[in-house]
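The values are calculated or read from the model by the stated rules, or taken from the named source; none is laboratory data. Here the structure is a predicted model, which means the values were calculated and not measured. Every residue, glycine as well, gets a Cβ built from its backbone with ideal geometry; the counts of neighbours run over all protein chains shown.
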Amino acid sequence: MAGNGRPPTWTWPFHPVSHQSLLTDVANLTARNGRLRTYITRLERRLSEALGQAVWEASGLSAPPTSKDSPAKIGQLERSELAEREGDLAAARAANRDLMARLNS
């Protein structure tokens, strides 16, 4: 800490960088990493399911899809996408609340 009891302020080429701003950046990046990790996990699962389905169909062990299956599948995918987006939104809101609490303390 600086002699006045406050954390030091570092100066980059164009603007000062405070300890608090660095902590905020770390919190933002940590939250973003968490969201990206969750998103990647979901994509990996969906890719695995799609590849598994393709292999199953290519093996000839399943019945061909029918047109009446399509609306149900679309509805299921839409609900799945909505749930994923709600999860992302909840994570973003939690990160925002945390940052606001840090800024207000």
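If the Cβ limit is 9 Å and pairs must be 6+ apart or interchain, which residue in segment 34-46 that is free of Cβ contacts under 8 Å to residues at least 24 places away in the same chain pairs with which residue that is assigned to a helix (DSSP H, G or I) and among the hydroxyl-bearing types (Ser, Thr, Tyr)?
Matching pairs, first to second residue: Arg46/Ser80.
Could you tell me how many of the residues in segment 33-61 are under 17 Å from Ala94 (Cβ atoms) and either polar (S, T, N, Q) or touching a helix residue (DSSP H, G or I) at 6+ places or on another chain (Cβ under 8 Å) (or both)?
Count: 5.
Report whether or not Ala63 is more than 27 Å from Leu103 (Cβ to Cβ), modelled with pLDDT under 80 and in a loop (DSSP other than H, G, I, E, B). If you could, list the steps in order and put the result at the bottom.
On the way: more than 27 Å from Leu103 (Cβ to Cβ): yes; modelled with pLDDT under 80: yes; in a loop (DSSP other than H, G, I, E, B): yes.
Judged against the criteria, Ala63 is a match.
For Ser70, only one of the following conditions fails: (1) at pLDDT below 75; (2) within 26 Å of Arg32 (Cβ to Cβ). What is its number?
If we test Ser70 against (1) at pLDDT below 75; (2) within 26 Å of Arg32 (Cβ to Cβ), just (2) comes out false.
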